[in-house]
Amino acid sequence: MTEFIKLSAAELAGLVADGTASARDITQAHLDRITSTDERLNAFVTVDAEGALATADAVDARRAAGEQLPPLAGVPIAVKDIVVTNGIETTAASKILRGWIPPYDATIVTKLRAAGLVPLGKTNLDEFAMGSSTENSAFGPSRNPWDLARTPGGSSGGSSAAVAAYQAPLAIGTDTGGSIRQPASLTGIVGHKPTYGGVSRSGLIAYASSLDQAGPFGRTVLDAALLHEVIAGHDPADSTSLDLPVPLVADAARIGAAGDLTGMTIGVVSNLSGEGYEPGVVSAIAATVAQLEQMGAKVVECPCPHFDYALAAYYLIAPSECSSNLARFDAMRYGLRVGDDRQASLEAVMAGTRDAGFGAEVKRRIIIGTYALSAGYYDAYYGQAQKVRTLISRDFITAFSGCDVLVSPTSPIVAFELGPRAEDPMAMYAVDLCTLPASLAGVPAISVPCGLSDGLPVGLQIMAPVLADDRCYRVAAAVEASLNSPVLAAAPQL
Amino acid sequence: MHPPSSMTPVAPQPDAATAPIAPRSFDQVIASYQPVIGLETHIELGTRTKMFCGCAAAFGDEPNTNICPVCLGLPGALPVANAAAVESAILIGLALNCSIASWCRFARKNYFYPDMPKNFQISQYDEPLCFDGWLDVRLPGDSVDIDGNVEQPSSVRIEIERVHMEEDTGKSLHVGGATGRIHGATHSLVDYNRAGIPLVEIVTKPITGTGERAPEVARAYATQLRDVIRALGVSDVRMEQGSMRCDVNTSLQPIGASEWGTRTETKNVNSLRSVERAVRSEMCRQAGVLDAGIRIVQETRHFHEDTGQTTSGRSKEEATDYRYFPEPDLVPLAPETAWVDSLRERLPELSAEKLARLQTEWGLTDKDMAAVLGAGAVQLIAATIAAGATAEVARKWWLGELARRANADGVELEGLAITPKQVAEVQQLVDRGSLNDKLARQAIEGVLAGEGEPGQVVAARGLEVVSDTDTLGAAVDAAIAANAEVAQKVRDGKVAAAGALVGAVMKTTKGQADAQTVCTLILERLSAS
């Protein structure tokens, strides 16, 4: 049974489709893996073994009835606990939502179910997706299977840890400023942030609405692409979702795997390098870029001057939106309620609940955002940040006039130790330097493992124009193909 | 929409500065000040579904039955704009001669209040859907100039600043207090059926130079705005049900001064009549304060129907900062020119032209028409005519008996529990001779009291005119026998004396006899004997 957990999603789906293995056995193998490893990893907030097995049985029944199964039917998946699931507790890793059982499914969960994927449970994250290490989770940090003293990244660290530790072949993450790509990079797996509007946000507990985007994690580029195609597409329930054809990312992954990039121009973002970037990361990236050139790509340097201001702009826009999005957690309708002794005023109950229910980082961002939107400060902070956002988008447009994709490190550093960095918000924010520009511009970006630095995985970030997600997958697949063995193979056994 | 001053039960603030100051008389106000007014009107659109979700936008259903994750603001739920509501808002903008924005956004207005599920309201801020319009308002009655000449009813152009869209809040119900208000309540319940119902807010520019007519200008504007919107069919615009709500801004400028005074915003103005009363009362109050040498506090005030006075609400000088910013969950609204043009073609007859046409059709003088407009009876009369009554009769009922009853009950005409069709039915019974004028008024009374359709009321109350000669013959004989002297006078040729006998018969038949038949029977009997 243990062999199931090492297989890719594509391989598992094949076994189910041709009747070699049952979805139930595959699911049980992953549940067993969770049982044996999650005390050490803390990747899951909730495991829904019963629901998972019932879903697997339903897939097996469909196959037994002779139905043609969708491409990923019977494949287990882990879902970040900020994605709303009907009947299954959804917490956003916050005390304020502990015990909340949603009455509806996020659109992407509906799509997973329709495609016959088997949700195993809900994965850990930084509270409300605010953080880069999962240390802001109300339920304790998740741990990196490469080194249990280190972070699996954040905010989708539970999802990245689960996939890297073979608890699930696939996972759903969400990415607001890098929360899929950075954890993928730090755990040696593939993670993609789709074009903004490419995947429905309906049912994602909002952190920053204009930036949030759900996307896939997988151990292979093709797996991530197959999952991308399941969750992508227009949703009438999300007016910001794009009513345009979904890019053919699985085909692009297959084409890229051939290792031929002739005709492609790859731009290296010159200012996402230098001070603050670990030498091991810089050299792994440089080696990979040289590989890309070997595969026929033309490589050019691309200065993107306004990327230097992405961090400042992001940490005004995201907190501003979060200060409004998180206002609804007020003890009135659901979730935690503190101090209601029938005498306390409404304000006291609201304030007491929010004080007790939100962690320090969430409070920090709510306060920053409230300040930035205040009369008299709006133009100087929120307004100015939006202007920077426009300039960053223009940097991308200029760059893409001369290249097909842009590349950079996904993270300036490899997986860091849990503890010290969590004490210093600015040091933690700096981890997002490379991922923020694509978030602000709404363009797609993928992280693919490309090497090691001091024995820990390094990810290459590949960014493409809006709705050219397929280019990310094509180049990522080429990088994957160029490696002698998968990066993850170097991870210690757990 | 603004939140109340506090979330906890708090007594209305006493008017510390103004409590001991007596208001001035209206004439005194006009002698020293020029009023500046402005109106902010909220209209609940009559769309089938809510502004941002598919829930029914229904009035009066069981609490918390028309709700879903979106209008409850559950985590993860997203709004999607209702195209029918946008269309209605554009129609209102066009009918008010506004420009329609080619691109605009929704904005979030952030404040905490339990009847707002998200603790922000989706509204519009600096990019309204419609802007820079006007409405020409006719004033009722006539006025007399200094030379004693009667002037024709006049018209005032009210400039419209903006028409924008927003979602309604839920409704708080305060339980345990005597009055149902937050003051004295032990706890509050919230009904979210109303949360997310589409609203359109119509804001006038400041209205200046109307002097002593300011209160009636305010009322005339509200009345005719209501009529325009009702003609569009986009809302039932009923103030008593809250589907139209007016907030009235008032300030006073000392005559000769170059700057306007500080304004107050009066809320809780729940009828057209109250719009007029609220402006008048606030003008008198402000003049009292100013004459005492005290400055006006910029604040929200609440109008009280019973006393006709306003009391202080929340001071705007310590107002909430709403932290407006563009709503990131919604794409911008960009109505295409072709769509707006097609809506423009769908507009019903423009109100001024329509009124001129109706006045001609109904054969009314300018003064009569102004009275009809002032009473807000245009649509009621038109509907009564459509149901079969003549123009003259329809106007007589609505401006006569029904206006009297509405006034007595302190409601608008349309708030009466009678439909134009029912009025027309009563008139048809009169025309058929089944009812006389007095009985018709009783039939109306029965309909208003909820006793059913006119036919049912007539049957139940036994109101039908008695013209059956056998039944009446006995009453006539009895009257002749009881009034022998009068009868003799009639026999002697004094036919006019028969009136007294008719009166006696009417009395014994409780007014239900057909007077003409009675008269004929009396004369037959007295000439025959």
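The values are calculated or read from the model by the stated rules, or taken from the named source; none is laboratory data. Since this is a predicted model, take the numbers as computed values, not measurements. Glycine gets a Cβ as well: all are built from the backbone with ideal geometry, and neighbour counts include every protein chain shown. SASA here: full protein model, heavy atoms, side chains in, ligands and nucleic acids out. Shrake-Rupley method; radii C 1.70, N 1.55, O 1.52, S 1.80 Å.
Report yes if A:LEU326 is of a type outside the set (Asp, Glu) and buried (at least 22 other Cβ atoms within 10 Å of the Cβ), otherwise no.
It is true that A:LEU326 is of a type outside the set (Asp, Glu) and buried (at least 22 other Cβ atoms within 10 Å of the Cβ).
Quick check on A:ASP57: is it of a type in the set (Asp, Glu), over 19 Å from A:GLN493 (Cα atoms) and open to solvent by 10 Å² or more (accessible area, probe 1.4 Å)? It would help to see each step written out before you state the result.
On the way: of a type in the set (Asp, Glu): yes; over 19 Å from A:GLN493 (Cα atoms): yes; open to solvent by 10 Å² or more (accessible area, probe 1.4 Å): yes.
Against the criterion (of a type in the set (Asp, Glu), over 19 Å from A:GLN493 (Cα atoms) and open to solvent by 10 Å² or more (accessible area, probe 1.4 Å)), A:ASP57 qualifies.
Within segment B:425-464, can you find the residues that are in a loop (DSSP other than H, G, I, E, B), touching a Gly at 6+ places or on another chain (Cβ under 9 Å) and modelled with pLDDT of 85 or more?
Selection gives B:GLY452 alone.
Of the numbered conditions (1) in contact with a strand residue (DSSP E or B) (Cβ under 8 Å, 6 or more places away or on another chain); (2) open to solvent by less than 10 Å² (accessible area, probe 1.4 Å), A:GLY51 fails exactly one; give the number of that condition.
The single condition A:GLY51 does not satisfy is (2).
Check every one of the helices (runs of 4 or more DSSP H) wholly within segment B:341-409 and list those with 2 or more residues that are open to solvent by 20 Å² or more (accessible area, probe 1.4 Å) and closer than 17 Å to B:THR223 by Cα.
Here the list reads B:351-362, B:366-374, B:378-386, B:401-409.
With the condition kept exactly as written, say whether any residue in segment B:157-168 is out of contact with any helix residue (DSSP H, G or I) (no Cβ under 7 Å at 6 or more places or on another chain), open to solvent by 10 Å² or more (accessible area, probe 1.4 Å) and under 19 Å from B:LEU373 (Cα atoms).
Yes, the conditions are met somewhere in segment B:157-168.
Does segment A:299-313 contain at least one residue that is at pLDDT 95 or above, part of a loop (DSSP other than H, G, I, E, B), more than 11 Å from chain B (Cβ to nearest Cβ) and within 30 Å of A:ASP260 (Cβ to Cβ)?
yes
If a residue has to be touching a helix residue (DSSP H, G or I) at 6+ places or on another chain (Cβ under 6 Å), open to solvent by 10 Å² or more (accessible area, probe 1.4 Å) and not acidic (Asp, Glu) to count, how many in segment B:194-229 make the cut?
3
Can you spot a residue in segment B:214-232 that is assigned to a loop (DSSP other than H, G, I, E, B), on the phi < 0 side of the Ramachandran plot and at pLDDT 95 or above?
No, segment B:214-232 has no match at all.
For residues that are open to solvent by less than 10 Å² (accessible area, probe 1.4 Å) and under 13 Å from A:HIS306 (Cβ atoms), scanning just segment A:368-398, find the one that is farthest from the other protein chains (Cβ to nearest Cβ).
Here the answer is A:PHE396.
Yes or no: B:VAL144 away from chain A (no Cβ under 11 Å), touching a strand residue (DSSP E or B) at 6+ places or on another chain (Cβ under 9 Å), modelled with pLDDT under 95 and open to solvent by 20 Å² or more (accessible area, probe 1.4 Å)?
Judged against the criteria, B:VAL144 is a match.
Quick test for you: out of A:ARG421, A:ARG365, pick the one residue that is open to solvent by 60 Å² or more (accessible area, probe 1.4 Å), under 24 Å from the mean Cα position of the chain (by Cα) and touching a residue at least 40 places away in the same chain (Cβ under 8 Å).
On the way: A:ARG365 fails: open to solvent by 60 Å² or more (accessible area, probe 1.4 Å).
So the residue among A:ARG421, A:ARG365 that is open to solvent by 60 Å² or more (accessible area, probe 1.4 Å), under 24 Å from the mean Cα position of the chain (by Cα) and touching a residue at least 40 places away in the same chain (Cβ under 8 Å) is A:ARG421.
Condition check ((1) within 12 Å of chain B (Cβ to nearest Cβ); (2) without any contact (Cβ under 8 Å) to a residue 60 or more places away in the chain) across all residues:
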site: A:VAL199; (1), (2): no, no
site: A:GLY215; (1), (2): no, yes
site: A:VAL221; (1), (2): no, no
site: A:ALA225; (1), (2): no, no
site: A:HIS228; (1), (2): no, no
site: A:ASP235; (1), (2): yes, no
site: A:SER239; (1), (2): yes, yes
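Only one of B:PRO9, B:PRO23, B:PRO4 is modelled with pLDDT under 95 and touching a Cys at 6+ places or on another chain (Cβ under 7 Å). Can you tell me which?
B:PRO23
Looking at (1) at pLDDT 90 or above; (2) touching a strand residue (DSSP E or B) at 6+ places or on another chain (Cβ under 8 Å), which is the one condition that is false for B:ALA370?
(1)
Go over the candidates B:PRO69, B:PRO75 one by one and state the one that is assigned to a loop (DSSP other than H, G, I, E, B), farther than 15 Å from B:ASP168 by Cα, open to solvent by 10 Å² or more (accessible area, probe 1.4 Å) and within 14 Å of chain A (Cβ to nearest Cβ).
Working: B:PRO75 fails: open to solvent by 10 Å² or more (accessible area, probe 1.4 Å).
Every option except B:PRO69 fails the conditions.
Got a number for residues in segment A:14-28 being part of a helix (DSSP H, G or I) and open to solvent by 10 Å² or more (accessible area, probe 1.4 Å)?
Residues that pass the stated criteria total 6.
Surrounded by fewer than 23 Cβ atoms within 10 Å (Cβ to Cβ) and within 11 Å of another protein chain (Cβ to nearest Cβ), is that true of B:PHE106?
No, not satisfied.
Of the numbered conditions (1) open to solvent by less than 70 Å² (accessible area, probe 1.4 Å); (2) in contact with a helix residue (DSSP H, G or I) (Cβ under 7 Å, 6 or more places away or on another chain); (3) over 30 Å from B:ASN407 (Cβ atoms), B:LYS489 fails exactly one; give the number of that condition.
(1)
Against the condition open to solvent by less than 10 Å² (accessible area, probe 1.4 Å) and under 17 Å from the mean Cα position of the chain (by Cα), how does A:ALA477 come out, does it pass?
Here the answer is no, as A:ALA477 does not meet what is asked.
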